[in-house]
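Novice: For reference, the structure I am asking about is given below.
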2 protein chains.
Amino acid sequence: MHKRDREATRARLLEAARLRFAREGYDATSVRDIARDSGVDATLIFRYFGSKKQLFEQAAATDAPAGLFQGPEEELVARMVRTVVDHDWTEYGGEHPLVAMLRSSAHEDARLRIRTEVCDTYVNALRDLAAGEDAELRAELLSAWMVGIGILRSVVATPALTQASVADLAPHIATVATGLLGRPMSGTADQGDGPGPA
Amino acid sequence: MHKRDREATRARLLEAARLRFAREGYDATSVRDIARDSGVDATLIFRYFGSKKQLFEQAAATDAPAGLFQGPEEELVARMVRTVVDHDWTEYGGEHPLVAMLRSSAHEDARLRIRTEVCDTYVNALRDLAAGEDAELRAELLSAWMVGIGILRSVVATPALTQASVADLAPHIATVATGLLGRPMSGTADQGDGPGPA
DNA sequence: CCGTTAAGTCAGCGTTCGATGACTACAGAG
DNA sequence: CTCTGTAGTCATCGAACGCTGACTTAACGG
């Protein structure tokens, strides 16, 4: 039926797993679901990944969008927001992977992964920009805002935020980022992480 | 063994269900778990609530903390943040119910409940305070911030935010709330929702 | 054309899931 | 004390779960 290609099959399983785990969460996703989605026998999951949990760990692995840290410092927050609002996350069911993974946050492994990524790619970068005494706290408060924006947009689906474009958000991004970091910040990022809005 | 009291048994099941659903999410929680926690036979869950889903709906029902809307308008945001940071949510596993319910957000029912509560008790109240054209968007952005704070505190467990007190947060609350709502806002709320910090 | 190797399939294991119906035991009325 | 209604228990159902080992079949070098 299919051409026999180990790597291709592995990739299809990973892709289907990413989507399912993001959309439904770890517990509501069964290995049979993933296998059916990718048109592959379920037993291959254990052959290739060892267990459902190990498949999850590999499927949840994600790297920060390229170009996040390229460009003017004063546009960093705008680029981060663009990552949440504008980036193409169809691979993860249309949500930022961090937001999607909250659905599996009952498991310590997933929580640890979220913490690591939030700290490594968001808080740390923002802390370096913050002026004043409690730079860490300010950086975390700003990270919290962006996580919250992602949640209200895609999970809660609040009316205005769902329809808002990065342009609509720009002035408020400037206000909040400037206020929290204690230094002038721009609300727009000309070349954030790729071709921009489709 | 136990005294035969229908209402008390029902209440114990509800209490255990609240905790389990909050901590583990809907899918990772089994009716047998809930029954074991409350020292009650699992069959009674179906007798009293009909199904696991109906138990979830009753257990997830929550009302806004009393006193949220009492007090000066300029302290409303501070009172809301206090609801997230300072309120005693041990009944829901130590997290704000909205944050806990994100763990079950794969189910449309849960998502709808979250949306309703976010809009009804947070966005709507904040929109009335916002000055300017896009009041709805500003209100949602501020709500997103508070949701994000709850998540980074209890789910992601980011270092500074986890240890921060309402006093530490106060100046930043004032900054962000003032900036987003376009009118002067206080970062502290003297009598938010009860006895205050224990 | 054959034989080896690995990709893919199949039947099924032991367990747990949500849910059901028949049963037991206790409390209050007479 | 007995009757009766109901709170609580028991045995079990069929389906789905994660996972395993034995099997089949396609691809490829000789």
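Novice: When every alpha-carbon pair in the stretch A:73-181 is counted, what percent end up more than 25 Å apart?
Specialist: Roughly 20 percent, once rounded to a whole number.
Novice: Continuing with the same structure: Take the solvent-accessible surface of the protein heavy atoms, probe 1.4 Å, and return the percent of it on the stretch A:1-68 that carbon and sulfur atoms account for.
Specialist: On the way: 1790 of 3970 Å².
About 45 percent, which is the carbon plus sulfur part of the accessible surface.
Novice: So, for the stretch A:79-192, what is the accessible surface per residue at a probe of 1.4 Å, expressed in square angstrom?
Specialist: Accessible area per residue: 34 Å².
Novice: Something else: If you add up the charges near residue B:34, with Lys and Arg at +1 and Asp and Glu at -1, over every other residue whose beta carbon is less than 10 angstrom from its beta carbon, what do you get? Mind showing how you got there, number by number?
Specialist: Numbers: positive: B:12, B:18, B:20, B:32, B:36, B:52; negative: B:15, B:33, B:37.
Its environment carries a net charge of +3.
Novice: Further question: Note the angle between two axes, namely the Cα long axis of helix B:135-154 and the longest principal axis of the Cα atoms of chain B, as a number of degrees from 0 to 90, rounded to the nearest 10.
Specialist: Relative to chain B, helix B:135-154 is tipped by roughly 60 degrees.
Novice: Further question on the same structure: Cross-link candidates for residue A:3: which lysines have Cα within less than 30 Å, leaving aside residues fewer than 8 places away along the same chain?
Specialist: Result set, ordered by chain and number: A:52, A:53.
Novice: Looking at chain A, I'd like the Rg to Rh ratio, where Rg is from alpha-carbon atoms and Rh is Kirkwood's inverse mean 1/r. Write out the running numbers ahead of the final one.
Specialist: Working: Rg = 18.6 Å, Rh = 18.1 Å.
For chain A, the value is 1.03.
Novice: How large is the charge dipole for chain B, taken about the Cα centre, if only the Cβ atoms of Lys, Arg (+1) and Asp, Glu (-1) carry charge, to the nearest 20 debye?
Specialist: Value, rounded to 20: 960 debye.
Novice: Need one number: nm distance between label points at residue A:47 and residue A:5, each 7 Å from Cα along Cα→Cβ, rounded to one decimal.
Specialist: Label at residue A:47, label at residue A:5, 1.7 nm between them.
Novice: Please return the longest stretch of chain A lacking exposed loop sites, where trypsin sites (Lys or Arg not before Pro) count only if DSSP places them in a loop and at most 12 other Cβ atoms lie within 10 Å.
Specialist: Within chain A, the longest run free of exposed trypsin sites (Lys or Arg not before Pro) spans A:5-198.
Novice: Still on this structure, I have one more. Is there a simple number for the mean count of other chain Cβ atoms within 10 Å of the Cβ of residues in B:98-104, and what is it?
Specialist: On the way: counts 2, 3, 2, 0, 7, 8, 5.
What the average comes to for B:98-104 is 4.
Novice: When the helix-only estimate is applied to chain B (DSSP H runs of n ≥ 4, each -39,500 (n - 2.57), divided by the residue count), what is the mean residue ellipticity at 222 nm, nearest 500 deg cm²/dmol? The partial results should precede the final answer.
Specialist: Working: 11 runs with 113 residues, N = 198.
Computed ellipticity for chain B at 222 nm equals -17000 deg cm²/dmol.
Novice: Just to check I understand the Karplus step: with θ = phi - 60° and J = 6.51 cos²θ - 1.76 cosθ + 1.60, what whole-Hz values come out for the stretch B:107-118, glycine and proline as x?
Specialist: So the J values, rounded to whole Hz, are 9, 4, 4, 5, 4, 5, 5, 4, 4, 4, 6, 4.
Novice: As an exercise, identify the chymotrypsin sites (Phe, Trp or Tyr not before Pro) in the stretch A:53-91 lying in DSSP coil whose Cβ has no more than 16 other Cβ atoms within 10 Å. Let's see the in-between values first.
Specialist: Numbers: sites: A:56, A:69, A:89; in loops: A:69, A:89.
Filter output for the stretch A:53-91: A:69.
Novice: Roughly how much accessible area, to the nearest 100 Å², goes out of reach of solvent when B and A pair up, both sides summed, probe 1.4 Å?
Specialist: Counting protein atoms only, the buried area is about 3600 Å².
Novice: Rounded to the nearest Å, what's the spacing between the alpha carbon centres of the stretch A:1-32 and the stretch B:80-101? Just the number, please.
Specialist: Cα centroid to Cα centroid, the span is 35 Å.
Novice: Where in the stretch A:87-103 is the amide nitrogen less than 15 Å from a point lying 7 Å along the Cα-to-Cβ axis of residue A:163?
Specialist: Counting backbone N atoms under 15 Å from the label point, the list is empty.
Novice: Along the three principal axes, how long is the protein assembly as shown when you take its alpha carbons, biggest first, rounded to the nearest angstrom?
Specialist: Over the protein assembly as shown, Cα extents along the principal axes are 65, 55, 35 Å.
Novice: Rounding to the nearest 10 and keeping the result within 0 to 90°, find how far the Cα-based axis of helix A:166-181 lies from the longest principal axis of chain A.
Specialist: 70 degrees
Novice: A further question on this structure: Given Cβ point charges of +1 (Lys, Arg) and -1 (Asp, Glu) and nothing else, what value in debye, to the nearest 20, does the dipole of the stretch A:73-181 about its Cα centre take?
Specialist: Working: 9 positive and 17 negative charges, 69 e Å.
Using Cβ point charges on Lys, Arg, Asp and Glu, the stretch A:73-181 gives about 340 debye.
The values are calculated or read from the model by the stated rules, or taken from the named source; none is laboratory data. Note that the coordinates shown come from a computational prediction; the quantities given were computed from them, not determined experimentally. All Cβ positions, glycine included, derive from the backbone under ideal geometry; neighbour counts span all protein chains shown. Note: accessible area is taken over every heavy atom of the protein model, side chains too, but ligands, DNA and RNA are not part of it. Shrake-Rupley method; radii C 1.70, N 1.55, O 1.52, S 1.80 Å.
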